[in-house]
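Shown next, in structure tokens, is the structure this report addresses.
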Amino acid sequence: MRSLPLPLDPVSVLCVLTKCSHLGCVKTGSQLHALVVKLGVSGCVRVCNALMDVYVKCGLVGGVRRVFEDMGLKTVVSWTVVLEGVVKGEGLENGRKREMIFGCGFVLNDVSLCSILSACSRSGDVSLGRWVHGYAVKEIGRDVGVMVGTGLVDMYAKCGRIGAALVVFRNMPRRNVVAWNAMIGGLAMHGKGKDVVGMFDSMIGEGVRPDALTFLALLSAFSHSGMVDLGWKYFNELESIHGINPEMEHYACMVDLLGRAGRLEEAEAFIKSMPFAPNEVVLGSLFGSCYTHGKVKLGERIMRELVQMDPHNTEYHVLLSNMYALSGKEEKANFLRKVLKKRGIKKVPGTSSMYVGGQLHQFIAGDKSHPQTAGIYMMLDDMIRRLRLGGYVPNTSSQVLFGCSTRDDCTEALEEVEQVLFTHSEKLALAFGLTSTPSGSPIHIFKNLRICQDCHSAMKIASYVYNRKIVVRDRYRFHSFKQGSCSCSDYW
Ligand SMILES: [Zn+2]
Ligand SMILES: [Zn+2]
């Protein structure tokens with residue numbers, strides 16, 4: 001188009017920018033940024049907003065700010081986009097974020113508030129979320145409306161404050177199905193299977209009709225609490241009572257529920273009875289359960305199907321090789337690892353993050369990049385010693401020992417394995433949390449992957465030894481550790 005004698009106007013630039021934002025394509029986006037300046041259309045508010053949106057979607061806060069500072073006229077939309085970018089941005093302190101929200105000179109509307117709240121939910125930044133709550137009450141009034149109310153429920157639940165989410169929800173004068181779904185989904189993430197049933201009954205009592213998403217939240221709550229019978233009950237009522245056709249996601253939830261409970265044969269039979277061919281999610285979840293329950297044969301069979309569906313997904317290969325190793329089939333495990341190595345495949349690194357004083361702190365396993373590393377490792381040593389006194393036994397069985405022939409070799413290898421366990425990202429975050437927050441205050445940690453067995457038991461003992469509430473949000477759910485036990489009752 002550019003080589004043709006056609007004038008490029010803001011509308012055509014806008015079209016391409018919108019697509020870039022959907023695709024997260026920062027390369028084309030930044031080239032368009034240059035073009036925008038060259039064509040002299042940088043005065044167009046809509047073009048600038050779209051440009052900032054591309055940078056936000058790609059997580060490049062610097063780019064957002066550059067466009068924003070060069071803009072003459074700024075609208076509510078510009079502010080919403082820039083604030084969303086700012087909230088997502090990791091380098092900015094909360095005080096500064098608040099200044100920006102205040103400094104915009106507009107009263108933010110529902111849409112803007114919700115987009116900021118959802119950014120808070122994603123990053124787990126509850127202090128900014130709480131501040132937005134205050135702002136909304138001040139600007140809108142005690143009744144913040146269904147939309148913002150739902151955003152608040154979701155934000156509090158996803159930041160691990162389920163109690164606060166319930167308070168906001170109960171005080172909402174009007175509640176639609178979206179609000180109910182947010183509340184039920186929040187309870188599900190916290191493994192509150194029993195409360196969900198009561199919540200669902202109240203929803204029906206208030207005359208709100210549940211939708212497909214409501215049932216997904218219900219089923220996932222039962223799955224996280226091991227309530228197989230209730231799962232079956234509600235799954236069977238989906239169509240017969242509520243007139244909702246079960247979709248692939250509902251089947252996936254049921255497979256997950258049965259698989260977690262160790263009822264793998266039932267899960268397999270259930271998959272065969274599905275009216276459509278199972279997708280990767282369904283099979284992947286069954287495969288995950290095979291791993292947890294050590295069912296190698298069934299695991300291998302599912303693996304073959306999964307590889308055909310998605311040859312590039314390496315997560316399954318990694319799981320299968322671990323499964324071989326655990327069941328003593330080290331030859332097969334080594335073979336698979338070699339294949340993975342050859343193809344240059346690496347696991348997604350586990351990252352734990354937490355907010356302290358409005359600042360995000362991130363850790364990966366064995367991390368030594370934090371400015372307070374020395375203090376963190378000193379605390380870690382002391383913590384491990386205290387945890388051991390409290391009954392913590394490092395779970396080295398999940399880490400397989402290779403190539404040790406003599407006893408001395410083994411002891412040495414074991415010590416190494418322990419050292420690796422101790423520097424898992426969750427434990428580093430915990431040690432940092434213990435040094436940097438007042439004693440007795442709760443510690444909130446966010447993990448991008450599933451929390452491992454060993455860290456789970458270490459957290460339990462730490463909550464008792466240090467008399468702290470520790471809340472960990474992992475990829476699948478919340479774990480709330482208190483006085484030596486976890487809200488998941490070790491079922492996850
Ligand atoms: Zn761990
Ligand atoms: Zn737990």
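The values are calculated or read from the model by the stated rules, or taken from the named source; none is laboratory data. Nothing here was measured: the structure is a model prediction, and the numbers come from that model. Positions of Cβ are backbone-derived with ideal geometry, glycine not excepted, and every protein chain shown enters the neighbour counts. In case anyone asks, the SASA skips ligands and DNA or RNA and just uses the protein heavy atoms, side chains included. Shrake-Rupley method; radii C 1.70, N 1.55, O 1.52, S 1.80 Å.
In debye, nearest 20, what is the charge dipole magnitude of the chain about its Cα centre with +1 on Lys and Arg Cβ and -1 on Asp and Glu Cβ, if you could check?
Roughly 680 debye, rounded to the nearest 20.
Is the shape of the chain best called rounded, prolate or oblate, per the rule: a/c under 1.5 gives rounded, else a/b larger than b/c gives prolate, else oblate, with a ≥ b ≥ c the square roots of the Cα gyration tensor eigenvalues?
Since a/c stays below 1.5, the shape of the chain is classed as rounded.
Can you give the Kirkwood hydrodynamic radius of the range 200-254 from its Cα pairs, in Å with one decimal?
11.3 Å
Using the Kirkwood radius over Cα pairs, work out the Stokes-Einstein diffusion coefficient for the range 352-486 at 37 °C and 0.692 mPa s, in µm²/s as a whole number.
Stokes-Einstein gives a translational diffusion coefficient of 215 µm²/s.
What value in Å³ per residue do you get for the convex hull of the alpha-carbon atoms in the range 1-73?
So the per-residue Cα hull volume is 77 Å³.
Report the local net charge at Cys44: Lys and Arg +1, Asp and Glu -1, summed over other residues whose C-beta lies under 15 Å from its C-beta.
Here the count lands on 0.
Scan around Val471 for amide H atoms under 5 Å from its own, H built in the peptide plane at 1.01 Å from N, and keep only partners 5 or more places away or cross-chain.
Distant-sequence amide H within range of Val471: Ile443, His444, Ile445, Phe481.
For the range 189-209 and the range 315-390, write down the distance between their C-alpha centroids in whole Å.
The range 189-209 and the range 315-390 have Cα centres separated by 37 Å.
Can you give me the long-range amide H partners of Ile244? Hydrogens built in the peptide plane at 1.01 Å from N, cutoff under 5 Å, separation of 5 or more residues or another chain.
The answer is Glu239.
With θ taken as phi - 60° and the coefficients 6.51, -1.76 and 1.60, list the Karplus ³J(HN,Hα) couplings across the range 422-435 in order, rounded to whole Hz; mark glycine and proline as x.
5, 9, 4, 4, 5, 5, 4, 4, 5, 4, 5, x, 5, 7
On a 0 to 90 degree scale, rounded to 10, what angle separates helix 110-123 from the longest Cα axis of the chain?
Between the helix axis and the principal axis of the chain, the angle is about 30 degrees.
If you average the C-alpha positions of the range 452-489 and of the range 34-60 separately, how far apart do those two centres end up, in angstrom?
What the calculation gives is 45 Å, centre to centre.
List the residues whose amide H sits under 5 Å from the amide H of Phe478, counting only those 5 or more places along or on another chain, with H placed 1.01 Å from N in the peptide plane.
Placed amide hydrogens put His190, Gly191 under 5 Å from Phe478.
Whenever you get a sec, compute what percent of the accessible area on the chain sits on carbon and sulfur atoms (1.4 Å probe).
So the carbon and sulfur contribution to the accessible surface is 55 percent.
At 1.4 Å probe radius, can you tell me the per residue accessible area of the chain in Å²?
49 Å²
Per residue of the range 44-59, in order, report the coupling 6.51 cos²θ - 1.76 cosθ + 1.60 (Karplus, θ = phi - 60°) as ³J(HN,Hα) in whole Hz, putting x for Gly and Pro.
7, 4, 5, 5, 4, 4, 5, 4, 5, 4, 4, 5, 4, 4, 8, x
Please turn the phi angles of the range 247-260 into ³J(HN,Hα) values with the Karplus equation 6.51 cos²θ - 1.76 cosθ + 1.60 (θ = phi - 60°), one per residue in order, whole Hz, x for glycine and proline.
Those phi angles translate into 9, 3, 4, 5, 4, 4, 4, 5, 4, 4, 4, 5, x, 4 Hz.
Return the calculated 222 nm mean residue ellipticity for the chain, to the nearest 500 deg cm²/dmol, obtained by summing -39500 (n - 2.57) across DSSP H runs with n ≥ 4 and dividing by the residue count.
Computed mean residue ellipticity for the chain: -20000 deg cm²/dmol.
May I ask you to order 198-206, 215-223 by the average number of other C-beta atoms within 10 Å around their residues, highest value first?
Order by mean packing, descending: 215-223, 198-206.
What angle do you read, to the nearest 10 degrees and between 0 and 90, between the alpha-carbon axis of helix 228-240 and the longest principal axis of the chain?
With both axes taken from Cα atoms, the answer is about 40 degrees.
Between Leu83, Met71, His33, whose Cα lies farthest towards the positive end of the dipole of the range 1-100 when Lys and Arg beta carbons carry +1 and Asp and Glu beta carbons carry -1, centred on the Cα centre?
Of the options given, the answer is His33.
Given +1 on the Cβ of Lys and Arg, -1 on the Cβ of Asp and Glu, and no further charges, what dipole in debye does the range 443-492 carry about its Cα centre, rounded to the nearest 20?
The dipole magnitude comes to about 180 debye.
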